[in-house]
1. If you count the DSSP beta bridges with both ends in the stretch 103-242, what percent of them are antiparallel, to the nearest 5?
2. Relative to the present Cα-Cα distance, how much length would full extension add between Lys324 and Asp30 at 0.36 nm per residue of separation?
3. So how much slack lies between Ser57 and Asp213, counting 0.36 nm per residue of separation and subtracting their Cα-Cα distance, in nm?
4. Tell me the angle of helix 448-464 to the major Cα principal axis of the chain, expressed in degrees between 0 and 90 and rounded to the nearest ten.
5. Can you put Ser28, Ser341 in order of accessible area, largest first, using a 1.4 Å probe?
6. Tell me, what is the percent relative contact order of the chain, built from C-alpha pairs under 8 Å that lie six or more residues apart?
7. Using a 1.4 Å probe, what is the accessible area per residue for the chain, in Å²?
8. Using a 1.4 angstrom probe on the protein heavy atoms only, line up Leu162, Leu375 by accessible area, largest first.
Amino acid sequence: MSQKSSNEMWGGRFASGPDAIMEEINASIDFDKRLYREDIQGSKAHAEMLGARGIISAEDAARIVEGLEQIEGEIESGSFTFSRQLEDIHMNVESRLAELIGPAAGRLHTARSRNDQVALDFRLHVRAALQTLEAKLTDFLAALLDKAEAHAETVMPGFTHLQVAQPVTFGHHCLAYVEMAARDRSRCRDALRRLDECPLGAAALAGTGFAIDRHMVAEALGFSTPTRNSLDTVSDRDFALEFLSLAAISATHLSRLAEEIVIWSTPQFGFVRLSDAFSTGSSIMPQKRNPDAAELVRAKPGRINGALISLLTVMKGLPLTYSKDMQEDKQQVFDAIDSLSLALAAATGMIRDLQVNAEAMRKAAGHGYSTATDLADYLVRELGLPFREAHHVTGRAVSLAEGSGLGLEELPLDVLKSLDGRIGEGVYAVLGVDASVRSRTSFGGTAPDNVRQQVAYWRQRLASE
């Protein structure tokens with residue numbers, strides 16, 4: 001494939017081409033070649049519209065579409081040669097099209113600019129990324145729901161401040177991440193609704209005098225409507241910022257889960273065991289099983305948060321409309337797409353393969369006087385004490401148990417009666433961890449029946465959506 005200079009592509013305005021430094025800073029083909037499918041898709045829709053409107057001949061439109069399809073095949077087969085001298089994906093495709101079909105290729109750029117062209121390409125790419133992310137989140141939700149259902153009755157400690165607080169079930173814990181992932185999924189859908197406008201036809205910034213049909217192009221490309229203001233169209237990157245924002249939130253959720261897996265898989269906890277597929281060994285310590293997949297998922301928000309801040313900083317001082325600064329919008333988004341996609345795949349795999357040590361979880365659930373609140377509730381419910389007084393009595397019981405090296409459920413009845421003579425044998429029914437989780441029947445609580453109901457709710461909701 002022959003190469004046209006950047007100067008030739010710009011036209012007659014400049015007497016000489018850019019020097020090496022300018023070429024290096026100006027070229028984007030090294031990363032925006034990733035947009036080739038979107039660029040060709042948009043160009044085909046534009047050419048067909050130009051032909052339908054009589055702006056170019058039907059013959060030229062057909063030749064352009066045929067040539068674009070050949071170029072797409074060349075790129076996908078690896079036979080296409082990308083040129084940095086041609087700056088970007090748009091010029092690379094157009095140059096090759098000229099080689100294939102001759103002067104008719106020059107008609108393709110009628111009534112458009114690289115400004116609205118790149119806005120379209122990028123928007124199409126982010127749309128596809130959001131659709132893929134939504135599907136991956138659905139898979140992740142399914143894995144969490146399977147694990148929640150299997151462990152609806154598996155008792156574990158619930159934590160605040162990373163201290164044992166109250167008994168919960170592992171199924172309930174998994175459902176907490178279901179809620180997070182479902183919000184992430186809903187943010188994808190919200191972003192897709194706002195992104196659903198086609199930029200092509202805004203041209204450089206002011207629209208065009210050609211009698212184009214923007215609605216035809218929008219429909220051909222799967223958008224519900226064209227954008228409504230040409231100035232905003234070529235300068236808008238909200239869709240990219242919104243993607244990065246929701247990606248940062250989703251990655252944060254995955255990171256929190258990964259952190260818990262790292263903690264739970266330590267010998268000190270021993271709550272879970274990662275499969276060999278998501279663990280590595282040590283180069284010098286043969287006994288080690290390192291949760292590297294979880295640790296790498298935990299690290300991903302660093303990259304994605306950085307991408308969000310980077311693009312916010314690029315956009316924050318730009319006057320309308322397009323500025324070359326906006327060439328710096330894509331690498332961060334591309335990296336975030338790849339990072340989040342990989343993190344989600346790893347998290348889904350880890351959850352599916354996770355082996356749960358129910359005995360270790362249940363034993364730990366009783367540590368730290370985790371049923372103290374159950375004792376306070378008993379004093380309120382059975383003896384009619386005000387909660388603040390019941391809280392005080394329970395605190396004294398915990399102090400006595402701690403001083404004797406006993407659990408609450410091991411305190412003799414006479415010791416409990418010394419705190420309030422009305423306490424009877426029935427108190428022991430509320431001091432076990434199993435009784436504790438069964439009692440948490442309020443909507444959204446950890447009781448096993450609640451867990452099963454929530455699993456059924458989410459499965460039905462996912463199926464209906």
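The values are calculated or read from the model by the stated rules, or taken from the named source; none is laboratory data. Note that the coordinates shown come from a computational prediction; the quantities given were computed from them, not determined experimentally. Surface areas here come from the heavy atoms of the whole protein model, side chains and all, with no ligands, DNA or RNA. Shrake-Rupley method; radii C 1.70, N 1.55, O 1.52, S 1.80 Å.
1. Of those bridges, close to 75 percent are antiparallel.
2. Working it through step by step, the gained length comes to 104.2 nm.
3. So the chain would gain 54.6 nm between Ser57 and Asp213.
4. Once rounded, one gets 20 degrees.
5. The most accessible residue leads, giving Ser341, Ser28.
6. 16 percent
7. 47 Å²
8. Result, largest first: Leu162, Leu375.
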